Structure formats: structure tokens, C-alpha cells
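The values are calculated or read from the model by the stated rules, or taken from the named source; none is laboratory data. All values derive from a computational prediction rather than experimental measurement. Glycine gets a Cβ as well: all are built from the backbone with ideal geometry, and neighbour counts include every protein chain shown. Side chains included, ligands, DNA and RNA excluded: accessible areas come from the protein's heavy atoms. Shrake-Rupley method; radii C 1.70, N 1.55, O 1.52, S 1.80 Å.
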Amino acid sequence: MVLDLEDGVAETQKPAARDLLRGLQDQIREQEGCEIGIRISSLGTPDGLQDMLRLQELTHLPDWVFLPKCESPRDLEQLDHLLQAHPSKEMTRICALLETPAGLSNAEAIASTHAPLHALAFGYADYTAETGGTMGWNSLVWPRGQLLNAAVQNHLWAIDGVFLDFNDPEGLEDEAQNARDMGYNGKFAIHPSQVSVINTCFEPSDEEVQWALNVLEQQKNFAGQGAFVVDGKMVDAPVILRARRVLGLTDSDAHP
């Protein structure tokens, strides 16, 4: 769950939203299995600095901090410096939201920052507001690919932006499935009704899991013999990597 201090809050209501943070965070922490994220305002604004001051006053840092309109590695390094000043010295995961042409142009530099970054996310509402383009899938294949390449090259998650029409589950399903097919790891939901649709799109099907298990089992049988065949199709190193990804395995994990 992401608590928003940025664009989802009216300017006049931002102080009140900051005041609510501590109580809301404590309530959510009581829910088993629920991670907490906070989307602060851009650190290039007075609101962003006020948000970070309020985070410093919390007993615990959130599980995630979402940095909007990230445009350079310096933005992340500044955020990391402020988070390290928290008295608890807790580790928190950072997600950089790339929402501007400048941010997308610097995707690789941002992804390779020395700050402890865990994910890149595409904010296409702000992006198209600047470019003047539409929010249709075909209009945004290139910037989505740009972000994905930077994330994959630096071992980060790639998260797709929100689908704004929460009364259109079919449209959401199409967009989420396209993002998953491209290689994205997940997608933000803007309304509770969207969560189950997104989860269904990004969870591997039973058939995909069985295929991946078969590939890795046959890999053991053909160890050291190069390419082999599963279900009439050739399997080599890239296909094995895909199977491991379906099962959520890293390079250091043994397969089930």
C-alpha cells in the first residue's frame, strides 16, 4: 500500500496529510503481509523537503519510498543521504518514478546509481502531459522499452504506471498483459478494484509453471550436452533463463 503525499493530495491539504502519516503507518503495519510505501513530493520542491522532514520524525521508515519525477542520479543520492540520517538506521527500498522526458533520457544513468535503488517505474500521465502524446499503448512502447532496458541491465524491477480508468477492467487487463509480455515485473493500481486484475496478469499460469519446471528438469538430464528439446521446441541458455524467471529464481537459486 502506497500512502501519497504528492499529486494525489491538494496543495492546501499536504500539511494535514503529513500529520496523518504516523497513525496510518501504524494501522497498516498491523495488517499481516502488507508492505507500506510513501510517495513523497519531488525533492526539487519545498513540499518534498517537508515530506522528508516528516519521515525523519517517524519511529520506523516505510518499506518503500517512491521518488516522483526523478531525472538524474543526483536525485536518488540526495534521497539516500536523507534516509540514512533517520535515527533507526533501517533499510528502505527506493523506487524511482521516471515521469518526464528528462527522466527517460537519463534512465540508464539513474538505474546505475550508487544509491540503493530497487525499482524503476513509468509515470506516463506526467510524461504524456509534457510530450503532448496520447496514453495509448502503441504511443508509449518506446519509453516503456527504454525504462525496461535500463532496469534489466541493472537488475532492478520495472513497474508500469497506473491505468487511470478504474471502471474499465478490460482496458486495465489489456494494458497489464501488454506490460507483462514486454517484460515488466508489475503494475501500480490506483483503486482496490484493480488489484486482482493486475495480480492475475502478472502471476504465471499453471501451464507456464509446469513448462518452466519441465525445462529445468530436462536441463539436469542434459547437463553439459548443449541445447535440448522440450515439447518439440529447442531449449538453450536464453530459454532456460526465461524458465527460471517464470519461477522467480535468481542466479544463485537452485530450481525446485
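Among the residues of the range 81-118, those that are modelled with pLDDT under 95 and part of a helix (DSSP H, G or I) comprise His81, Leu82, Leu83, Gln84. Residues that are out of contact with any Ser or Thr (no Cβ under 8 Å at 6 or more places or on another chain) and within 18 Å of Pro46 (Cα to Cα) were ranked within the range 81-97; the one that is surrounded by the most Cβ atoms within 10 Å (Cβ to Cβ) is Leu82.
The set of residues from the range 68-80 being touching a residue at least 24 places away in the same chain (Cβ under 8 Å) and either assigned to a helix (DSSP H, G or I) or surrounded by fewer than 17 Cβ atoms within 10 Å (Cβ to Cβ) (or both) comprises Ser72, Pro73, Asp75, Leu76, Glu77, Gln78, Leu79, Asp80.
Can you give me the ranges of the helices (runs of 4 or more DSSP H) entirely in the range 173-246 with at least 1 residues that are open to solvent by 60 Å² or more (accessible area, probe 1.4 Å) and of a type in the set (Phe, Trp, Tyr)? Break it down into steps so the answer makes sense when it comes.
Details: elements: 195-202, 206-221, 237-246.
Fully inside the range 173-246 and qualifying: 206-221.
When Ala189, Ala176, Ala151 are checked against the criterion of being in the same structural domain as Arg39 (by the TED database) and either closer than 23 Å to Glu71 by Cβ or aliphatic (A, V, I, L, M) (or both), Ala151 stands alone in meeting it. Candidates are the residues of the range 65-121 that are among the basic types (Lys, Arg) and within 17 Å of the chain's Cα centre (by Cα); the one that is farthest from Arg144 (Cα to Cα) is Arg93. When restricted to residues that are surrounded by fewer than 18 Cβ atoms within 10 Å (Cβ to Cβ) and under 18 Å from Glu173 (Cα atoms), the range 126-149 contains 6.
Would you say Ala10 is over 17 Å from the mean Cα position of the chain (by Cα), free of Cβ contacts under 8 Å to residues at least 24 places away in the same chain and within 27 Å of Asp126 (Cα to Cα)? Taking the combined requirement at face value, the residue satisfies it.
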